[in-house]
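A.B. asks: Dropping a structure here in structure tokens format, bear with me for questions.
The values are calculated or read from the model by the stated rules, or taken from the named source; none is laboratory data. Keep in mind that what you see is a predicted model, and the values were worked out from it rather than measured. For neighbour counting, all protein chains shown are included, and Cβ atoms are generated from backbone atoms with ideal geometry for every residue, glycine included. To get the accessible areas, we keep the full protein, side chains included, count just its heavy atoms, and leave off ligands, DNA and RNA. Shrake-Rupley method; radii C 1.70, N 1.55, O 1.52, S 1.80 Å.
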Amino acid sequence: MPLPPSPTTLQPDFVITDIALPGMDGQQLLHALREREGLRALPVIALTGVGRPGDARRAIAAGFAAHLRKPVTLDKLLHTLRELAPQRE
């Protein structure tokens, strides 16, 4: 499933996506974003309710900037966003 057209003014700082999505999973979304000019370096954070051993390592290897397990605390989310912020400057 392709991404819908985006406004040229849309410049998100991050994308936070669940891994299990209907129609397009988080991996497919990540790959679709990487195909778009201007979004290739966008930090994409995987958010999941399933946390098997090795999932975080596999998510990072697949290209996600971070892997968070639900329920994520606000402190953990903000810490992750702050860590990724310098990558966008």
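A.B. asks: For a quick check: with amide H placed at 1.01 Å from N, whose amide H comes under 5 Å from L68's, ignoring anything fewer than 5 positions away on the same chain?
C.D. replies: Counting only residues 5 or more places away or on other chains, the set is A46, L47, T48.
A.B. asks: Using 0.36 nm per residue of separation minus the Cα-Cα distance, give me the extension gain between Q11 and K70 in nm, one decimal.
C.D. replies: Length difference between fully extended and current span is 18.6 nm.
A.B. asks: Taking all protein chains in place and a 1.4 Å probe, what share, in percent, of the accessible surface of the stretch 8-89 do carbon and sulfur account for?
C.D. replies: 56
A.B. asks: Going by average Cβ neighbours within 10 Å, how do the peptides 47-54, 12-19 rank, with the highest at the top?
C.D. replies: Listed from highest to lowest mean packing, they are 12-19, 47-54.
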